[in-house]
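Working notes, structure below.
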Amino acid sequence: MQRWPGRYTDRHGSEEIVFESDGRESIRTTIRGVVFEGDMMDDLGALSGTPPEQVFSFLDGALCSCLLEWEVPMPVEVEGQGVRAGVLHCALRLGEPVGPGLDEQSLITTLRLDGHEYRNTESQDEFEEALHDIQRQLPRGARIKACVACAWSDYSPGGPPLMAGLACFRDAKDLYRRCDGKHGPHGIFAIWQERTEFVQETWLCEEFEHRTSDRGYRGPFPYLGPLR
């Protein structure tokens with residue numbers, strides 16, 4: 001279990017909080033005495049009942065109309081220097097409910113590494129896009145070391161959510177090595193049920209290997225063109 005220092009801000013004020021995560025699909029925190037839990041940061045709901053709307057805002061039971069900030073460890077492997085300890089600062093703004101969705105949602109991620117900062121563009125609202133963008137900004141020979149950059153991870157062709165939903169194939173490496181797209185006997189659909197589990201993009205395990213340009217449905221990390 002990891003503990004991520006963070007902050008919650010809405011029209012009523014701001015307070016420091018701590019997020020707890022198992023690295024898969026569980027995030028929990030306590031805000032103003034209320035325990036929230038969800039699979040991802042834009043799906044945090046109260047564990048018992050619904051707090052009064054005078055204290056929080058909700059859309060379909062999930063927090064909205066607020067700013068969530070948190071920091072996670074982000075190791076970076078630098079050629080000739082080994083692994084450096086980076087920190088990824090994340091800021092997710094969840095807007096007001098409008099019809100079936102929110103009027104605004106924005107994700108800003110900033111990697112702090114060796115006195116430098118690398119930030120994704122504001123037009124991106126998924127962790128996959130944001131971390132591809134940050135990787136492209138890093139100096140030559142520096143590579144993010146996290147599940148999003150691992151040789152054994154892939155998304156469903158249906159597209160990634162804001163975060164998590166990243167399938168790990170570490171227990172089906174031989175099958176995944178032959179994955180060559182969406183369809184066919186070696187396509188991602190054919191092997192999808194062989195995944196080990198779902199993980200968050202920023203998680204890391206001992207079986208990590210850097211992603212190459214010719215593996216899986218997703219292709220390389222970072223992807224050099226527009227994301228699918």
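The values are calculated or read from the model by the stated rules, or taken from the named source; none is laboratory data. Fair warning: this is a prediction, and the values are worked out from it, not measured in the lab. When we count neighbours, we look across all protein chains shown, and the Cβ atoms used for this are built from the backbone with ideal geometry, even at glycine. What goes into the accessible areas is simple: the full protein's heavy atoms, side chains included, and nothing from ligands, DNA or RNA. Shrake-Rupley method; radii C 1.70, N 1.55, O 1.52, S 1.80 Å.
Some points to look at:
- nm² value of the averaged projected area, convex hull over the Cα atoms of the stretch 57-187: 10.4 nm²
- Cβ-defined net charge surrounding E207, 11 Å radius [Lys, Arg +1; Asp, Glu -1]: -1
- Relative contact order (%) - criterion: Cα under 8 Å, at least six apart; region: the stretch 1-67: 23 percent
- For H12, the accessible area of its heavy atoms, probed at 1.4 Å with every protein chain present, is near 100 square angstrom.
- Working from Cα pairs under 8 Å separated by at least six residues, relative contact order for the chain is 15 percent.
- Helix-only [θ]222 nm of the chain, DSSP H runs n ≥ 4, -39500 (n - 2.57) each, per residue, nearest 500: -2000 deg cm²/dmol
- Within the chain, DSSP assigns beta bridges of which about 100% are antiparallel (rounded to the nearest 5).
- Counting only protein chain heavy atoms and rolling a 1.4 Å probe, the accessible areas of M1, M74, M40 rank, largest first, as M1, M40, M74.
- Legend: Rg and Dmax of the stretch 1-56, from Cα coordinates, 11.2, 32 Å.
- 5 angstrom amide H check on G86, placed H, neighbours 5+ away: M74, V76
- On the chain, 46 percent of the accessible area sits on carbon and sulfur atoms, based on a 1.4 Å probe.
- For the stretch 158-169, 3J(HN,Hα) computed residue by residue from phi via the Karplus equation (6.51, -1.76, 1.60; θ = phi - 60°) reads x, x, x, x, 3, 7, 6, x, 8, 7, 9, 10 Hz, glycine and proline entered as x.
- Using C-alpha pairs below 8 Å separated by at least 6 residues, the relative contact order for the stretch 1-117 is 18 percent.
- Where the stretch 144-186 is the region considered: accessible area per residue in Å², 1.4 Å probe: 38 Å²
- Only Lys, Arg, Asp and Glu carry charge here, each on its Cβ (+1 for the first two, -1 for the last two); on that basis the chain has a dipole of about 700 debye about its Cα centre.
- When the chain is treated as a GNM with alpha-carbon contacts under 10 Å, the residue of V83, V98, V35 showing the greatest mean-square fluctuation is V98.
- Entry comment: accessible area of the stretch 1-52 is 52 Å² per residue, from protein heavy atoms only and a probe of 1.4 Å.
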